[in-house]
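One structure is given here, and the rest of the page talks about it.
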Amino acid sequence: MTMVDGKICNAATGTKSTSKCYICAATSKHFNKLDYKGEVNVTALVVGISVLHAKIRLFKFILHLTYKLKVKKYRGIKSKEEKDLEDQTKREIQTRLRTETGLLIDMPKSNFGNRNDGNTSRRFFENPTLAAELTGISYKLTYRLKAILEAISSGFEIDPVNYERYASETARLYVKL
Ligand SMILES: [Zn+2]
C-alpha cells in the first residue's frame, strides 16, 4: 500500500482508540506537553508517516485553529455567543479563501467526504505569506509547517538530527503561541 491514513495505521498496529498516537500512545491530553515521552512501539514505525495524510491533517489543523482563534477554546462548554463567533469566523475564512485564492474548503462534496484534499493543502501552503494573512495564524509557524511537509515529501534522505531539531522548535513555537 502506498497511501495509508491514521485509520489504517491504527488497524495495522492494533490501536483501539482513533485519538491515540499509534506510535507512542499519546492522546490529545499529552500533545502540548512537549516533554511527554511515551513508550515507542517500535513495530509501528514500519508504517511510517503518510505524506498525503500529513498534508491534509496539517492543513485541517490550521483551518480549525483559525475558526477557534477568537473563542480560544478547544473543548469545554461554549456559550451560544462563542459558538456563533466560531461559525461566523468559519464562514469568513471560507469566503476569503474562495475569493482570494479560489480554494473551496470544508465544503461537502456531492458524493463523499469533503474538499480538503492534498491538492488544496499544497496550494494553501504554497504562499505562506498569504496563508498567514488570511488565517491570522503566525507566518513563522505556517512557513515552518510548509518546510516540514516539503522535507518529508522531497524524496531525499532526511538528516534525523536536524529534522528533530527543526520539528521540536516548531512544536515549541506552536505551544508558545
Ligand atoms: Zn506519537
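Results for (1) on the phi > 0 side of the Ramachandran plot; (2) in a helix (DSSP H, G or I); (3) among the acidic types (Asp, Glu); (4) in contact with a Lys or Arg (Cβ under 7 Å, 6 or more places away or on another chain), shown as yes or no for each residue.
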{"position": "THR15", "(1), (2), (3), (4)": "no, no, no, no"}
{"position": "THR27", "(1), (2), (3), (4)": "no, no, no, yes"}
{"position": "PHE31", "(1), (2), (3), (4)": "no, no, no, no"}
{"position": "GLY38", "(1), (2), (3), (4)": "no, no, no, no"}
{"position": "LEU52", "(1), (2), (3), (4)": "no, yes, no, no"}
{"position": "LEU58", "(1), (2), (3), (4)": "no, yes, no, no"}
{"position": "PHE61", "(1), (2), (3), (4)": "no, yes, no, no"}
{"position": "GLU86", "(1), (2), (3), (4)": "no, yes, yes, yes"}
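Out of all the residues in the range 1-54, which are among the charged types (D, E, K, R) and either crowded, with 16+ Cβ neighbours inside 10 Å or more than 14 Å from the ligand (Cβ to nearest atom) (or both)?
ASP5, LYS7, LYS16, LYS20 - these are the residues of the range 1-54 that are among the charged types (D, E, K, R) and either crowded, with 16+ Cβ neighbours inside 10 Å or more than 14 Å from the ligand (Cβ to nearest atom) (or both).
I need the full set of residues from the range 149-173 which are assigned to a helix (DSSP H, G or I), in contact with a helix residue (DSSP H, G or I) (Cβ under 9 Å, 6 or more places away or on another chain) and free of Cβ contacts under 8 Å to residues at least 60 places away in the same chain, in order please.
Going through the range 149-173, the residues assigned to a helix (DSSP H, G or I) turn out to be 149-152, 160-173.
In the following step, the residues that additionally are in contact with a helix residue (DSSP H, G or I) (Cβ under 9 Å, 6 or more places away or on another chain) were identified as 149-152, 163, 166-167, 169-170, 173.
Across the range 149-173, the qualifying residues are GLU150, ALA151, TYR163, TYR166, ALA167, GLU169, THR170, LEU173.
A quick yes/no check of all residues on (1) within 22 Å of LEU52 (Cβ to Cβ); (2) at pLDDT below 95; (3) assigned by TED's automatic domain parsing to the domain that holds LYS55:
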position: SER79; (1), (2), (3): no, yes, yes
position: LYS109; (1), (2), (3): yes, yes, yes
position: SER121; (1), (2), (3): yes, yes, yes
position: ARG172; (1), (2), (3): no, no, yes
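Between residues in the range 37-52 that are closer than 29 Å to THR120 by Cβ and residues that are outside any loop (DSSP other than H, G, I, E, B) and more than 12 Å from the ligand (Cβ to nearest atom), which pairs lie under 6 Å by C-beta distance while being six or more apart or on different chains? Matching pairs, first to second residue: VAL47/ALA12; VAL51/ILE152; LEU52/GLY118. If you check ARG144 against the conditions, is it among the basic types (Lys, Arg), modelled with pLDDT of 90 or more and not in a loop (DSSP other than H, G, I, E, B)? Considered against the rule, which asks whether it is among the basic types (Lys, Arg), modelled with pLDDT of 90 or more and not in a loop (DSSP other than H, G, I, E, B), ARG144 comes out as yes. Here THR27 does not fit the description of being closer than 24 Å to SER121 by Cβ and either touching a helix residue (DSSP H, G or I) at 6+ places or on another chain (Cβ under 9 Å) or not basic (Lys, Arg) (or both). When we screen LEU97, LEU104 for residues that are among the aliphatic types (A, V, I, L, M), at pLDDT 85 or above and more than 13 Å from the ligand (Cβ to nearest atom), the only hit is LEU97. Entry remark, the range 79-98: residues being more than 20 Å from the chain's Cα centre (by Cα) and over 14 Å from THR135 (Cα atoms) number 7 in total.
The values are calculated or read from the model by the stated rules, or taken from the named source; none is laboratory data. Since this is a predicted model, take the numbers as computed values, not measurements. Backbone-built Cβ (ideal geometry, glycine too); neighbour counts: all protein chains shown.
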